[in-house]
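The values are calculated or read from the model by the stated rules, or taken from the named source; none is laboratory data. All values reported here derive from a predicted model rather than from experimental measurement. In this analysis, Cβ positions are derived from the backbone assuming ideal geometry, glycine residues included, and neighbour counts consider all displayed protein chains.
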Amino acid sequence: MASEILMSISKDDHERAKFRSRRKYETDLFSNIATAEARGEKKRSKETAFEMFGDGENIAKIKKYSKLNDAELAEVLREFPADIQNKYSFLIT
């Protein structure tokens, strides 16, 4: 009788540990996917801003469509030659 109870408790502990392990794996997986998606979205936003800077769009439109802040836009702008950077020089400090 006591050995059956002991086996039941041990089995329950083992099952709980397996469940926690699976749950942690799933949580980590979802977190990694969300992080990758956010990075992809940010990369696409920077690509959009890059194209718009190259086309000479105004800064309000670039901000609207890229959804990047001033620091992020300045980072993108640094990839351009000086003549284009000068047009948007107020972003680069």
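Some points to look at:
- Scanning segment 75-93 for residues that are under 22 Å from the mean Cα position of the chain (by Cα) and surrounded by 17 or more Cβ atoms within 10 Å (Cβ to Cβ) returns V76, L77.
- Residues satisfying the stated conditions in segment 48-62, i.e. part of a helix (DSSP H, G or I) and either small (G, A, S) or touching a residue at least 12 places away in the same chain (Cβ under 8 Å) (or both): T48, A49, F50, M52, F53, G54, I59, A60, I62
- Among the residues of segment 63-74, those identified as under 14 Å from T48 (Cα atoms) and either without any contact (Cβ under 8 Å) to a residue 24 or more places away in the chain or part of a loop (DSSP other than H, G, I, E, B) (or both) are K63, K64, Y65, S66, K67, L68, N69, A74.
- Segment 1-60, residues that are over 24 Å from the mean Cα position of the chain (by Cα), charged (D, E, K, R) and either within 30 Å of L91 (Cβ to Cβ) or at pLDDT 90 or above (or both): D55, E57
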